[in-house]
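Contents: one structure, followed by commentary.
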Amino acid sequence: MLGLQPKKVLEFMRKKLTIANWKQNTSQKEATSILMQLTDLQNNSSKSEIIIAAPYTHLHLLDEFNFKKASQDCSIYNGGAYTGEISAAMLADVGVKYAIIGHSERRQYFSENSQILKVKIKNCLQNNITPIYCVGETLEQRESNQTFKIIERQLKEVLFDFDISQDLILAYEPVWAIGTGKTASAEQANNVHIFIRQILATFLNKNFAEKVPILYGGSIKADNAQGLFSQSDIDGGLVGGASLIAVDFYKISQSFS
Ligand code: PGA
């Protein structure tokens with residue numbers, strides 16, 4: 001479909017990533033307990049790189065642990081009189097290396113559109129924060145056969161003005177699968193991942209399209225991760241609910257062959 005090489009003959013291996021998205025959950029005590037359990041379970045070896053997207057108030061907890069630090073958002077503003085906002089520069093200042101941008105909950109509950117998301121991505125890149133840009137269709141859009149059209153639009157409107165040789169992670173998160181217990185089948189998800197690479201290769205840069213990690217998100221659990229991660233174009237997961245249970249998240253992070 002793509003004209004891209006299948007994974008096994010690629011000269012490089014794409015990075016394997018497991019990202020916890022804690023959302024607006026956990027007390028400091030609970031968060032520390034998850035991190036301690038994960039550290040014990042990991043015992044210095046892991047089949048994927050683990051990134052924790054903690055609430056702003058918990059980011060400092062990650063300093064004591066060996067996981068990469070991510071935020072779940074950043075402000076559209078770079079600084080100044082914007083009460084309640086946290087800028088990308090402030091996040092970089094406390095060691096944040098990654099930021100989730102365009103999560104469907106932000107699009108849905110906080111009316112974040114492509115224009116806003118584009119600015120947020122620019123702010124991240126200017127502060128050496130790797131954006132984890134999320135795309136995904138709603139159930140209605142899937143059922144009316146608009147999945148590919150929506151994904152293409154979400155990619156084009158937000159990413160295509162950037163010098164995309166910069167670091168980026170993509171996450172395909174079908175809205176109907178987030179927090180619902182319904183997972184896309186491994187094949188359904190992989191088809192969208194292949195499509196994403198095709199769009200990036202056609203309109204941006206073929207080399208980048210082959211190398212960019214594309215994660216799946218939406219009700220990943222310890223018992224379905226392996227099927228998803230064994231697909232040719234799925235490089236890991238963005239995990240919500242199951243990332244709050246250390247043993248489950250650990251199992252997911254180990255579900256790579
Ligand atoms: P979920 O959330 O794993 O609870 O479905 C995923 C996400 O929202 O990133």
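Laboratory data are not the source of any read-out in this text; all were calculated from the coordinates shown. Only a predicted model underlies this, so the values are computations on that prediction, with no experimental measurement involved. Don't worry about glycine lacking a Cβ; one is built from the backbone with ideal geometry, like all the others, and counts go over all protein chains shown.
Summary of values
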| read-out | value |
| --- | --- |
| Simple label model, 7 Å out from Cα along Cβ direction - Asn43 to Gln115, nm | 5.5 |
| Calculated diffusion of the chain, Stokes-Einstein form, Kirkwood radius summed over Cα pairs, 20 °C and 1.002 mPa s, µm²/s | 117 |
| Global size of region 159-210 as Cα Rg and Dmax, reported in angstrom | 13.0, 37 |
| Added length on full extension, which subtracts the Cα-Cα distance from 0.36 nm per residue, Glu85 to Gln28 | 18.4 nm |
| Backbone N within region 154-184 under 13 Å of label point (7 Å from Asn205 Cα along the Cβ vector) | 160-169 |
| Distance from region 34-59 to region 129-162 (C-alpha centre basis), Å | 28 |
| Built amide H within the under 5 Å cut-off of Ala171, gap 5+ | Tyr133, Cys134, Val135, Leu215 |
| Sorted by Cβ neighbour density within 10 Å, fewest at the top, the residues Ile252, Ile50 | Ile50, Ile252 |
| Average projection area in nm² (convex hull over Cα atoms of region 1-144, one quarter of hull surface) | 12.0 |
| Compactness of region 28-113, expressed as Rg and Dmax over alpha-carbon positions, Å | 14.6, 45 |
